[in-house]
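What follows is a set of notes on a single structure, which appears directly below.
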Amino acid sequence: MNLTSAQNEKLFAEGAGRLRSRASDDHSLTDETLIPRIRVAVQKYLLRDNPQIPVAEIKDFIDKLQADDLCLIVACEQGNQDAWSELVARFSATVRSAARSASANEEGADDLAQSIWAELYGLRIRDDGKPAGKLAYYSGRGSLAGWLRAVVAQLAVDQHRKQSRLVQTEEDADFDRLIQHGEDDNNWTGHGGVPNPEVQISDKLAGAEMQKALSASIKKLSAEDRLLVKLYYFDGLRLREAGAVLGVHEATASRRLTRIHADLRQQVEKILIEEKGWSKSETARAFADIALHFEADIEPLLATESVLMKKENEIPG
């Protein structure tokens, strides 16, 4: 049974109130200010493909939106200069790191990092007199830092296309389309099985940065620890066999591998936070979302790393 428009609006209003109460700082926003943003997100990700979705799922969807990030962005859109200053202060390192990853040199990274703030704020004016910035596309589904990385990556692609004299539209609808189809892999599905482009792209970028951090961390291990990692993950030996090569009991090899897991995670987190500008909460969430459980934790990343290293070491025939 489809909900009536009035019933939906009541859900959005109630959800806006709960969202503001969850935010550490609602930037003096009102429920009425947040309702349109929540309405758009629910219609886009839920109601568009399933008008009969249960009320409980709509409530759950709203309650999983990133309250702090969404309130900050909406406040920026409302012209709150304090909110804008907070946005720049909190995420300058994130934008700069993403720009470096997407640019061929430091000069290009500087230009891209400067461009992104103008794109977010809005270079054009809408019919209502407000800036037509990209902030309107943040739905609150994923972390704001991850979404910003996706926007930086997309802007880098846009600039490359313009420099290549390819036609590049500036229409809002096309930006949304580009974000949705900016990746070939559309297998990730979000709430209700609906693809979530924000999380899809940012997860790919986060996964790539985690992989690079892991590669760097492995290189910092002691020679014996690197050998154990190589034997167990790269060569496929069992712990008993790897321990025999090292001259230690299987139990000792197991304890060492557990310690290596912890050391690698600590080093990866350090790189992501200190060099890539990630926050502690974002890093923890990335490990939970991408590496799943870090007891089987770093194993998926190490498995990928072993494949990459084997390819690098292949000798052309």
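Data overview
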{"read-out": "Hits in the range 247-267 (condition: among the β-branched types (Val, Ile, Thr) and within 24 Å of the chain's Cα centre (by Cα))", "value": "none"}
{"read-out": "Matching residues, the range 125-171, being surrounded by 13 or more Cβ atoms within 10 Å (Cβ to Cβ), in a loop (DSSP other than H, G, I, E, B) and either at pLDDT below 60 or not aromatic (Phe, Trp, Tyr) (or both)", "value": "Lys130, Ala132, Gly133, Ser139, Gly140, Arg141, Gly142, Ser143, Gln168"}
{"read-out": "Residues satisfying the stated conditions in the range 205-214, i.e. charged (D, E, K, R) and surrounded by fewer than 20 Cβ atoms within 10 Å (Cβ to Cβ)", "value": "Lys212"}
{"read-out": "Looking only at the range 215-274, and only at residues there that are loosely packed, with under 12 Cβ neighbours inside 10 Å and of a type in the set (Ser, Thr, Tyr), the one that is modelled with the lowest pLDDT", "value": "Thr258"}
{"read-out": "Any hit, the range 232-244, residues being under 17 Å from Gln267 (Cβ atoms), part of a helix (DSSP H, G or I) and either of a type outside the set (A, V, I, L, M, F, W, C) or assigned by TED's automatic domain parsing to the domain that holds Trp147 (or both)", "value": "yes"}
{"read-out": "Within the range 4-51, considering residues that are in a loop (DSSP other than H, G, I, E, B) and either among the β-branched types (Val, Ile, Thr) or not assigned by TED's automatic domain parsing to the domain that holds Leu65 (or both), the one nearest to Leu87 (Cα to Cα)", "value": "Thr30"}
{"read-out": "Residue among Ala75, Ala93, Ala67 that alone is touching a His at 6+ places or on another chain (Cβ under 7 Å) and at pLDDT 85 or above", "value": "Ala75"}
{"read-out": "Subset tally (residues that are part of a helix (DSSP H, G or I) and either exposed (fewer than 14 other Cβ atoms within 10 Å of the Cβ) or out of contact with any Phe, Trp or Tyr (no Cβ under 8 Å at 6 or more places or on another chain) (or both)) for the range 52-70", "value": "9"}
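The values are calculated or read from the model by the stated rules, or taken from the named source; none is laboratory data. Since the model is a prediction, treat every value here as computed from it, not as a measurement. Glycine also receives a Cβ, built like all others from the backbone with ideal geometry; neighbour counts cover every protein chain displayed.
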